[in-house]
């Protein structure tokens, strides 16, 4: 009887140990499968999508390869427009470490970016001394959403439509979206800067 109980105890302990190993192996296997699948996938599509600078030159995120990128949909007549100043300060503070801030003017919310590209450039440089890259006006929501913002809001790891002007998308040096912030998050907030420092 004693031998039977001992045998049962050994089987029970062995079974519990195997169950733990199975769980760990399952997680590791899933992680390995994901890595292998990603190795067969094409490179990050976000980086290859073309758009125009505010002065009309064709470009893409590939031109900023190796940098951490903060993409912001900006507007000239919004209550959050003063964030231009914070974005410029943020850019000046971290650009030597590899941060690029990119502004994309958009008129989707409250029709608060009605100007032409020339008018927008004149406004942000004269009023806020903006030196970070500014792109041509695009749509960031709706049926005419620019492909870049389709990728960021629908095909990334952090999906969801943009709700208002001055939403912020942080991409790491590999072009992967790692964090998003809403309009109310100020450019110099501790939360945003902590995320930026984490990818520099």
The range 170-200, residues that are over 20 Å from residue 65 (Cα atoms), touching a residue at least 12 places away in the same chain (Cβ under 8 Å) and touching a strand residue (DSSP E or B) at 6+ places or on another chain (Cβ under 9 Å)
181, 182, 183, 185, 187, 192
Please give the helices (runs of 4 or more DSSP H) falling wholly within the range 78-154 in which 2 or more residues are in the same structural domain as residue 184 (by TED's automatic domain parsing) and more than 19 Å from residue 193 (Cα to Cα).
117-128, 147-154
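Report, by residue number, each residue of the range 82-93 that is under 19 Å from the mean Cα position of the chain (by Cα) and more than 11 Å from residue 70 (Cα to Cα).
The first filter runs over the range 82-93 and keeps only residues under 19 Å from the mean Cα position of the chain (by Cα), leaving 83-84, 86-88, 90-91.
Result: 83, 84, 86, 88.
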Return the residues of the range 60-109 that are surrounded by fewer than 17 Cβ atoms within 10 Å (Cβ to Cβ), in contact with a strand residue (DSSP E or B) (Cβ under 7 Å, 6 or more places away or on another chain) and touching a residue at least 40 places away in the same chain (Cβ under 8 Å); say none if nothing qualifies.
98
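The values are calculated or read from the model by the stated rules, or taken from the named source; none is laboratory data. Keep in mind that what you see is a predicted model, and the values were worked out from it rather than measured. Counting neighbours? That spans all protein chains shown, and the Cβs are built from the backbone with ideal geometry, glycine included.
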